[in-house]
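Student: Let me begin by handing over the structure; questions about it come next.
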Amino acid sequence: MWNTLSIVAGVLAALALLLGFIPLLGWTNWFLTLPLAILGLIFGAVGRSRQGQILNLVLIALAALRLFLGGGVL
């Protein structure tokens, strides 16, 4: 159950990440992608399987890279 919640949070975070790649919408990474991915990472840590954790770690890394390249906001 926890792994399923982790993957669902990861999929929602991935959709928000795609939205955050549009120029001037990078702020969505702060308010949608990172909180959902961190929540999914916590759910994945409680569960037995590591699929949700890996998904959310990759999403956190991509969102952080996008924020770094955009100067934190853009």
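Student: With every protein chain kept in place and ligands, DNA and RNA left out, what is the accessible area per residue of the chain? Probe 1.4 Å, answer in Å².
Tutor: 61 Å²
Student: So what is the orientation-averaged projected area of the chain, using the convex hull of its C-alpha atoms, in nm²?
Tutor: Taking the Cα atoms of the chain, their convex hull projects to 3.8 nm² on average.
Student: Let me ask something else about it. Expected output is a single nm value to one decimal: the length gained when fully extending between residue 38 and residue 15, i.e. 0.36 nm times separation in residues minus the C-alpha distance. What is it?
Tutor: 6.8 nm
Student: I've got another one for you. At a 1.4 Å probe radius, carbon and sulfur cover how many percent of the accessible area of the stretch 1-67?
Tutor: 82 percent
Student: Can you list the trypsin sites (Lys or Arg not before Pro) in the stretch 9-74 that are in a DSSP coil and have 11 or fewer other beta carbons within 10 angstrom?
Tutor: 48
Student: Using only helices, what value at 222 nm comes out for the chain when you add -39,500 (n - 2.57) per DSSP H run of length 4 or more and divide by the total residues, to the nearest 500 deg cm²/dmol?
Tutor: That comes out to -23000 deg cm²/dmol.
Student: Calculate, for residue 27 and residue 58, the FRET efficiency according to 1/(1 + (r/R0)^6) with r their C-beta to C-beta distance and R0 30 Å; round to the nearest 0.05.
Tutor: Computed FRET efficiency for residue 27 and residue 58: 0.90.
Student: Still on this model: Contact order normalised by length for the chain, with contacts defined as Cα pairs under 8 Å and 6 or more residues apart; what percent is it?
Tutor: For the chain, the relative contact order is 41 percent.
Student: State the volume of the convex hull built on the alpha-carbon positions of the stretch 33-74, expressed per residue in Å³ and rounded to an integer.
Tutor: Convex hull of Cα atoms, per residue: 45 Å³.
The values are calculated or read from the model by the stated rules, or taken from the named source; none is laboratory data. Bear in mind the structure is a predicted one, so any value in this text is a computation, not a measurement. All Cβ positions, even for glycine, are placed from backbone atoms using ideal geometry, and neighbour counts span all protein chains on display. Only protein heavy atoms, including side chains, enter the accessible area calculation; ligands, DNA and RNA are left aside. Shrake-Rupley method; radii C 1.70, N 1.55, O 1.52, S 1.80 Å.
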